[in-house]
Structure formats: C-alpha cells, structure tokens
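Enquirer: Pasting in a structure now, in structure tokens, and then I'll have a few things to ask.
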Amino acid sequence: MASPARALHFGVASREEMLLHRADARSGGLYDGYGVEVTGYPAGWSVAAARAAITADAILLRPLLDDADPAVRIDAANALATACDHDGAVRAAFRVRFDIEQDPTVRAALLLAVAEATRAHPPPPTTAWLEEQWQEATQVPEARLAAAIGWLCLTDDPAPDGLRAAVDDLATDARVRSMDTLPWMAAVGGSEERGLRRCIREMLHPGQAEPVGQDDTWAPWTPASR
C-alpha cells in the first residue's frame, strides 16, 4: 500500500521533491502532475485512495512499530508516513518508538517517516528536532544521516557547513549499502548510484553530473549494476 500512496517518487532525490506529498487530485487540477493510469483515470485518484486506506487503518498499523522484526518496524513506518496526520498521532507514535529503538537502521527509518509526515502537515518544532538529531554526536550515524536528509527536505535554508561535514564523514560505502534496506533509499537509487549517494549529490552538490549509465537500461553491464 505504501508504494501506490507515493506516485512519482521513484528516483526523486531533490530537496524540493523528496518526501513530498502532492495534493489530492480532487483538491486541485485534474491530473495534479501524476499523469494518467492505463485505465484513463488520473493517477492522483489512486494515490488518494491508497492514502485514505492507510489512514483508515493507521490504528492497526501503529502496533507494528513495536514488532520484534526490525524489517516489519521499518515497513510499518514507511506505510504510516503516507497517512493523513492532521492531529499528529502518527508522528507521536514515531517519536515514542524512536525514544526506545535500538536498531540503527530502524532509527533512521523513523526519522525519515517523521520528516515525510511533517512535510505534509508541517509543525515548525519538528524541523528543529531533526536539526538536533543530525547535530548530536552521540546519535548513531544512520540516524544522523536520515535526520540530515529530513532537515534538508523541510527547509529552504542553505545547508550549514556542519551538516555537510557530518554527511561527508558519516556516509561511508558500508553505511550507504546498509541504508539501501530503507524503502526511501531503495526508491531513490538507480543502476549506477545507491539511494543515499544520490540524495547527497542532488541535495548538497546539485551541479555534480550523474554517474555514467545512471538509469540507462541499455548501458553496458558492470558488476556495480548487478
């Protein structure tokens, strides 16, 4: 359900577009930038329906944030991040889980989920909280990287030197690979570039060229594209 609730999010890694919930097609233009389904109906209708279903069943999904399996906790956060959260109940559940979560990758998932839900219903304190998380030296690196991405998506302010330095220091090849298990990073990545690397390039180095063969179906096979 989380995938159809996020139309046009594959490969999107810019500050302007990542984690963005576009408006319901019925509240704006007919197509709302989503295009058209093979049925001929506006794709925005499918997105609205998926989000409505997740919102209606959020009370069933929230307990999965405490599941024994880290993968289930990540998937629950990924789905709940698309729910309508006008009262802040979903974000509150993310924060409660974050306070007790021990798994570094799940902590990163919860921060990305908070940022996504906040982008749809922005309260200013969340941006400041995410800033605290990427600045906190005792925080696990995966969470600091996720908080940095979330902060960049929620603000138009120039990236501080401290954020750039932290990201450069923390984004090791091993950590980039481990964060590919996050649905957000998996959706962003392409054949020649992992998701976190693409986020860093587009958000912090927008003038940098894409790697050769990026998203090119006919590019020569290399071990990196396996």
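Bear in mind that the values in this text are calculations on the coordinates, not laboratory data. Please read all numbers here as calculations on a predicted model, not as lab measurements. Neighbour counts are summed over all protein chains in view; Cβ atoms, including those assigned to glycine, are modelled from backbone coordinates with ideal geometry.
Enquirer: What is the gain in length, in nm to one decimal, between ALA137 and ASP168 on full extension, counting 0.36 nm per residue of separation less the C-alpha to C-alpha distance?
Expert: Fully extending the segment from ALA137 to ASP168 adds 9.7 nm.
Enquirer: Here is a further query. Report, in deg cm²/dmol and to the nearest 500, the calculated mean residue ellipticity at 222 nm for the chain, where each DSSP H run with n ≥ 4 adds -39500 (n - 2.57) and the sum is divided by the residue count.
Expert: Details: 11 runs with 117 residues, N = 226.
-15500 deg cm²/dmol, from helical runs alone.
Enquirer: Continuing with the same structure: Which of VAL38, VAL106, VAL140 ends up with the largest GNM mean-square fluctuation for the chain, with Cα atoms connected below 10 Å?
Expert: Top of the fluctuation ranking is VAL38.
Enquirer: In addition: Which whole-number percent gives the relative contact order of the chain, counting Cα pairs below 8 Å spaced six or more residues apart?
Expert: Relative contact order for the chain comes out at 19 percent.
Enquirer: Rounded to the nearest 0.05, what FRET efficiency is calculated for HIS205 and VAL72 with R0 set to 30 Å and r the Cβ-Cβ distance?
Expert: Given R0 = 30 Å and the Cβ-Cβ separation, E is 0.30.
Enquirer: Suppose each label sits 7 Å from its Cα in the direction of the beta carbon; what would the ALA128-THR155 distance come out to in nanometres?
Expert: A separation of 1.1 nm, rounded to one decimal place.
Enquirer: Related question: Could you give the size of the charge dipole of the chain about its Cα centre, using +1 on the Cβ of each K and R and -1 on the Cβ of each D and E, expressed in debye and rounded to the nearest 20?
Expert: 240 debye
Enquirer: Find how many whole Å separate the alpha carbon centroid of the stretch 55-105 from the alpha carbon centroid of the stretch 111-176.
Expert: 18 Å
Enquirer: DSSP H helices in the chain with Cα extent of 24 Å or more along the helix axis and mean Kyte-Doolittle hydropathy at least 0.5?
Expert: 104-120
Enquirer: Same structure again: How long is the gain from ARG177 to PHE10 if the chain were fully straight, where each residue apart is worth 0.36 nm and the alpha carbon distance is subtracted?
Expert: Details: separation 167, 0.36 × 167 = 60.12 nm, distance 1.79 nm.
Additional length available on full extension: 58.3 nm.
Enquirer: Something else about it: Exposed loop sites here are chymotrypsin sites (Phe, Trp or Tyr not before Pro) in DSSP loop states with at most 14 other C-beta atoms within 10 Å. What is the longest stretch of the chain lacking them?
Expert: With chymotrypsin sites (Phe, Trp or Tyr not before Pro) excluded where exposed in loops, the chain gives 32-217 as its longest stretch.
Enquirer: In the Gaussian network model of the chain, springs joining C-alpha atoms below 10 Å, which of ALA92, ALA174, ALA81 carries the largest mean-square fluctuation?
Expert: ALA174
Enquirer: Now for a separate question. Springs between alpha-carbon atoms under 10 Å, Gaussian network over the chain: tell me which of THR127, THR82, THR155 tops the mean-square fluctuations.
Expert: THR155
Enquirer: Which is farthest toward the positive dipole end of the chain among VAL188, ALA115, ALA76, measuring Cα position about the Cα centre, with Cβ charges +1 (Lys, Arg) and -1 (Asp, Glu)?
Expert: ALA76
Enquirer: Within the chain, which is the longest segment that contains none of the GluC sites (Glu not before Pro) sitting in a DSSP loop with at most 15 other Cβ atoms within 10 Å? Could the numbers behind the result be given before it?
Expert: Details: sites that count: GLU16, GLU17, GLU37, GLU136.
The segment 38-135 is the longest one with no such site.
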